[in-house]
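Novice: My questions all concern the structure below.
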Amino acid sequence: MSPDHDDATLLRAVARGDEAALRLLYDRHAPWLSIRLRRRCNDEEVVADVLSDTFVAVWRGAGRYRSDGEPAAWLWGIAVRRLISRLRGRPAPEPHSAAALDGHAEPLASAEDQVLAGVEYGDLGTALGRLSPELRAAVQATILDGLSTREAARLLGIPQGTLKGRLRRAKAEMRTALVSGATP
């Protein structure tokens with residue numbers, strides 16, 4: 001498999017069991033995924049585990065990639081869901097427990113992590129889930145992931161003006177869905 005192949009081609013190859021394609025995807029995406037995961041969790045071990053779990057999930061589920069969005073956004077969606085699941089599974093230490101007192105307590109999920117976890121459920125998650133893949137990717141990259149419009153446009157492979165238009169449309173559709181309960 002050539003490093004010149006685009007991500008969608010690599011994902012199709014991974015779905016057919018091509019380990020070299022998975023290595024190329026990992027080499028191409030693991031660095032930025034790791035950085036973005038570290039912005040949400042300062043525990044290097046958790047980030048390493050989540051990154052590994054992400055690419056195991058890609059290996060097992062590449063056939064589910066529908067080619068209706070950017071592969072990088074699909075990968076990030078897997079990674080952030082893995083991180084949220086991992087953080088949810090941690091019990092919070094008691095404030096006066098021995099682990100908390102000796103500095104060996106597991107770090108707690110940040111407020112941002114807790115909000116992001118809540119986005120998956122409820123009215124906001126439903127409204128977000130009803131957006132087209134293009135609009136959802138724009139919202140995820142800019143609002144949920146905190147990328148600038150320039151960074152998000154580059155990630156999604158679209159001009160900044162197109163991204164801004166998609167954001168306006170997505171916000172309008174979500175506002176309508178949240179205010180009236182109607183589907184966008």
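Readers should treat all values here as calculations from the given coordinates under stated rules, not as data from a laboratory. Source: prediction; values computed, not measured. Counting neighbours? That spans all protein chains shown, and the Cβs are built from the backbone with ideal geometry, glycine included.
Novice: Which residue, Ile143, Ile158, Leu124, has the largest displacement toward the positive end of the dipole of region 121-184 when charges sit on each Cβ (Lys, Arg +1; Asp, Glu -1)?
Specialist: Value: Ile158.
Novice: Also, quick follow-up: Given contacts defined as C-alpha pairs under 8 Å and at least six residues apart, what's the relative contact order of region 121-184, whole-number percent?
Specialist: 41 percent
Novice: Starting with the fewest neighbours, write out Trp32, Trp74 ranked by other beta-carbon atoms found within 10 Å of each beta-carbon.
Specialist: So the ranking, lowest neighbour count to highest, is Trp32, Trp74.
Novice: Of all trypsin sites (Lys or Arg not before Pro) in region 1-74, which ones are in loop regions per DSSP and have a Cβ with at most 15 other Cβ atoms within 10 Å?
Specialist: Hits after loop and neighbour filter: Arg16, Arg39, Arg66.
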